[in-house]
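K.L.:
Got a structure for you, questions after.
The values are calculated or read from the model by the stated rules, or taken from the named source; none is laboratory data. These numbers were taken from a predicted model, which means no experiment stands behind them. Cβ placement follows ideal geometry from the backbone for every residue including glycine, while neighbour counts extend to all protein chains displayed. Only protein heavy atoms, including side chains, enter the accessible area calculation; ligands, DNA and RNA are left aside. Shrake-Rupley method; radii C 1.70, N 1.55, O 1.52, S 1.80 Å.
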Amino acid sequence: MALQTTVKHNVRCSGVGLHSGVLTHMSLSPAPTGTGVVFRRVDQSGRAAYVPAQYDKVVDTRLGTTIANEYGVKVATIEHLMAAIAGAGLTNVYVDLDGPEVPIMDGSAAPFVFLIECAGLQVQSAYQEALRVRERVSVTDGDKWAEILPGEGFHAEMSIAFGSAAIGTQTMSFTFDRNGFKSQVARARTFGFRHEVEQLQAAGLALGGSLSNSIVIDGDAILNDGGLRFADEFVRHKLLDVVGDLSLAGWPLQGFFRGHKTGHTLNNKLLRELFSRRSAWEIVTLRDGPSTDTIRRLISANAPSMQLVAAE
């Protein structure tokens, strides 16, 4: 669809933060065309409450993706929700939180996909735009690397390698669309090693982490009673993180992503490198969707009070 969207109805959920362990209430609310994704910290006041979900607002990538505004107000662990928003084709939304961290839920994007489906999508009266990659851009960190190249739509390839036999070497390629994201990537959960989790919790982090919201590996064994959702769930989750982190570009990407052992730090570094090279990208209006008459009918059916906004 080449039209912007928002949620039809307010929806709410609650859950603990992975690192804070604090119960947080979250809601999704409709937003006007051109808003993008904006977090609103309802425990803050005035402009300090607003934290736009943008790549240049990222301030920490060590244990997840954390963004902050100019007032120092932060929102942590946003990547799974951002992936669900991108995967659902949701363009404009307010995300209200009464704390500093998005609930971890089951450690995947699936609960957020369900939440958005419960809210429904509202077709809006302006065309979508996309960021089209024009030149290859790459970043490295030791043996880790990521790159994005020109391509139609959005396609991603990922490889990972771990010493544990529970993971080993895994690769996956994925052509992004709403159905593919939901069936192939959204249910893949975050993961970590038992000794790392214990170290983090001793340092006052990962306080909300448990076997109900993470895959935990001990040596070569998976500790979760239910095992894995996919044989290659680990690399699928890494692709989920890529979708969420790259959605912070602010537009859907048209390009071909390739990465090896990437994480939140390298994903954000890739976006920063891309935007630093003005010749490497362009913003395009997606005009290959419904006709103007169809747009008017959709607007009339969804929101009779809306007016058609002419696209430049």
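K.L.:
When segment 24-65 is examined, which residues are found to be within 22 Å of I116 (Cα to Cα) and free of Cβ contacts under 8 Å to residues at least 24 places away in the same chain?
P.N.:
Matches in segment 24-65: Y50, P52.
K.L.:
Here's a follow-up. Considering only segment 211-262, state which residues are assigned to a strand (DSSP E or B) and closer than 30 Å to T33 by Cα.
P.N.:
Answer for segment 211-262, where residues must be assigned to a strand (DSSP E or B) and closer than 30 Å to T33 by Cα: L253, Q254, G255, F256, F257.
K.L.:
Look at segment 199-210 and say how many of its residues are of a type in the set (A, V, I, L, M, F, W, C) and part of a loop (DSSP other than H, G, I, E, B).
P.N.:
Going through segment 199-210 one residue at a time, the tally reaches 4.
K.L.:
In segment 227-286, what count of residues is obtained for those that are β-branched (V, I, T) and open to solvent by less than 40 Å² (accessible area, probe 1.4 Å)?
P.N.:
Pass one, segment 227-286, residues β-branched (V, I, T): 235, 242-243, 262, 265, 283-285.
Then keep just the ones that are open to solvent by less than 40 Å² (accessible area, probe 1.4 Å); that gives 235, 242-243, 262, 284.
Final tally of qualifying residues: 5.
K.L.:
It is to be established whether one or more residues within segment 172-190 are in contact (Cβ under 8 Å) with a residue 12 or more places away in the chain, over 29 Å from N10 (Cβ atoms) and not polar (S, T, N, Q).
P.N.:
yes
K.L.:
Let me ask something else. Return a yes/no flag: does segment 96-112 have any residue that is of a type outside the set (S, T, Y), touching a residue at least 60 places away in the same chain (Cβ under 8 Å) and closer than 28 Å to E282 by Cβ.
P.N.:
No, segment 96-112 contains no residue that is of a type outside the set (S, T, Y), touching a residue at least 60 places away in the same chain (Cβ under 8 Å) and closer than 28 Å to E282 by Cβ.
K.L.:
Just the residues that are within 16 Å of the chain's Cα centre (by Cα) and either at pLDDT below 95 or open to solvent by 10 Å² or more (accessible area, probe 1.4 Å) (or both), please, taken from segment 39-52.
P.N.:
Within segment 39-52, just P52 meets the criteria.
K.L.:
Also: Kindly check whether there is at least one residue in segment 159-171 that is outside any strand (DSSP E or B), among the polar types (S, T, N, Q) and crowded, with 18+ Cβ neighbours inside 10 Å. Steps first, please.
P.N.:
Filtering segment 159-171 for residues outside any strand (DSSP E or B) gives 162-168.
Filter again for among the polar types (S, T, N, Q), leaving 164.
Remaining after also requiring crowded, with 18+ Cβ neighbours inside 10 Å: none.
No, segment 159-171 contains no residue that is outside any strand (DSSP E or B), among the polar types (S, T, N, Q) and crowded, with 18+ Cβ neighbours inside 10 Å.
K.L.:
Let me ask something else about it. Would you mind stating whether H19 is more than 16 Å from the chain's Cα centre (by Cα), buried (at least 18 other Cβ atoms within 10 Å of the Cβ) and not in a strand (DSSP E or B)?
P.N.:
Numbers: more than 16 Å from the chain's Cα centre (by Cα): yes; buried (at least 18 other Cβ atoms within 10 Å of the Cβ): yes; not in a strand (DSSP E or B): yes.
Yes: the conditions hold for H19.
K.L.:
Next question. Please go through segment 87-111 and give me each residue that is aliphatic (A, V, I, L, M) and closer than 15 Å to G36 by Cβ, ordered by number. Give the derivation first.
P.N.:
Taking segment 87-111 first, the residues aliphatic (A, V, I, L, M) are 88, 90, 93, 95, 97, 102, 104-105, 109-110.
If the condition is that a residue be aliphatic (A, V, I, L, M) and closer than 15 Å to G36 by Cβ, then A88, L90, V93, V95 are the ones that fit.
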